[in-house]
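Asks: Below is the structure I would like to discuss, written out as structure tokens.
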Amino acid sequence: MEKKGTKKDRPSMPAASPTKHTTVGFRQAMLLLLVGIAIGMAYHLVTPSGLPWFGNPESSSSLNAEKGIEEISLDDAWSLYRQKEAVFLDARGPDTFWKGHIPGALNIPPPDAENWVDDIRAFENDGKTIISYCDGVACPLGEELALNLREKGVQSVKVLINGWSRWRAAGHPEERLDNESS
Amino acid sequence: MNRRNVTKLLGHPAMILISRLLLGGIFLYAGIIKVADPSGFALAIRNYQLVPDGMVNVIAMLLPWIEIVIGAGLILGAGTHGAALVSAFLLGAFALALAINLARGLDISCGCFSTAPSTGSINWLYLIRDLSLLAMALHIYRFDRGMLAITGPASRGKTATD
């Protein structure tokens, strides 16, 4: 600890006044937050990104609609799963697929789509709903798979956006291929 | 090395300046990347499943700018202590979000320095990285004395003495 005398010599030491140090810090913090929020609001007013400020965060919906991809909600996917009316296509790589996936899902990374076209069309003709999914932030594989299959003549592939994470978070059943079941 | 020496080393102006520039640069970079892709960042936030759906977009649109402002503040020394406080608060919140989802076992991307789909899923290293940055923020908050700063809590005294 410093003596009182040295404090006086160096008034710029923050330790000289801890309360003031904190107060000024908080005041600056508030000011910086306000500046950040103000610039952010101004930026989004000047260059609208198409995202609404509040409300429905299904930000990718409009993009996918342009590409002709139909999304399916988790609730709908879950009820089709329970009625055994859905065929799930896991578009991720085999590694992640092995660690866990929706029970009964087929592992089809988008480049493999053409090898599966006949099988999937057969499911389609049986009246099943084909649902592709991926995982994680903006993972495009589910959409890519749907597009690839559509190019090859499969008409009705729906996409469960961020499917794996949402499926797990909802506590729905999982299947693993490493001889463990969870 | 005794405690006084550690304090002396941590309080050395060069150490603080390094912390400031590094942390400021990191926040600036992280903010700029996310400003460019608000939709991707919104999806990243939504994947954490911790924020009410209605709040996701507004956070995705404003948080990057807050990061940019505190990043610039740390680098320039404009309101350094405030910037360090906000950084510490944000990094604390990020750590909590990461920890909760690691415990949940969700396979999600970090959304920290990229909104791109190809980035790997979160693991404990992300949490360690976040906590290291948090330590830097606290270091700056505790020891900064306004070296090469345009403003700061110490500037009143500084102009009189330096």
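Asks: Just wondering, is there one or more residues in region A:126-140 that are among the polar types (S, T, N, Q) and in a loop (DSSP other than H, G, I, E, B)?
Replies: No, region A:126-140 has no match at all.
Asks: Are any residues in region B:58-79 open to solvent by less than 10 Å² (accessible area, probe 1.4 Å) and under 23 Å from B:LEU102 (Cα atoms), and if so, which ones?
Replies: Within region B:58-79, B:ALA60 is the sole residue that qualifies.
Asks: Would it be correct to say that A:ILE39 is at pLDDT 85 or above and in contact with a helix residue (DSSP H, G or I) (Cβ under 7 Å, 6 or more places away or on another chain)?
Replies: yes
Asks: A:VAL154: in a helix (DSSP H, G or I), hydrophobic (A, V, I, L, M, F, W, C) and open to solvent by less than 30 Å² (accessible area, probe 1.4 Å), yes or no?
Replies: no
Asks: Out of the residues in region B:1-56 that are among the charged types (D, E, K, R) and assigned to a helix (DSSP H, G or I), state the one that is nearest to the chain's Cα centre (by Cα).
Replies: Here the residue is B:ARG20.
Asks: Here's another thing I want to ask about it. Only one of these is facing chain A (nearest Cβ under 8 Å), of a type outside the set (A, V, I, L, M) and open to solvent by 50 Å² or more (accessible area, probe 1.4 Å): B:PHE89, B:PHE113. Name it.
Replies: B:PHE89
Asks: Do the conditions hold for A:TYR81, that is, is it in a helix (DSSP H, G or I), under 30 Å from B:THR80 (Cβ atoms) and either modelled with pLDDT of 95 or more or out of contact with any Pro (no Cβ under 6 Å at 6 or more places or on another chain) (or both)?
Replies: Judged against the criteria, A:TYR81 is not a match.
Asks: Residues of region B:22-55 being facing chain A (nearest Cβ under 8 Å), open to solvent by 20 Å² or more (accessible area, probe 1.4 Å) and at pLDDT below 85, which ones?
Replies: Hits for region B:22-55 are B:SER39, B:ARG46, B:GLN49, B:ASP53, B:GLY54.
Asks: Then there's this: Take region A:160-177 and flag every residue that is in a helix (DSSP H, G or I) and farther than 12 Å from B:LEU106 by Cβ.
Replies: A:GLY163, the sole residue that qualifies.
The values are calculated or read from the model by the stated rules, or taken from the named source; none is laboratory data. As the structure is a computational prediction, the values presented were derived from the model and not from experiment. Don't worry about glycine lacking a Cβ; one is built from the backbone with ideal geometry, like all the others, and counts go over all protein chains shown. What goes into the accessible areas is simple: the full protein's heavy atoms, side chains included, and nothing from ligands, DNA or RNA. Shrake-Rupley method; radii C 1.70, N 1.55, O 1.52, S 1.80 Å.
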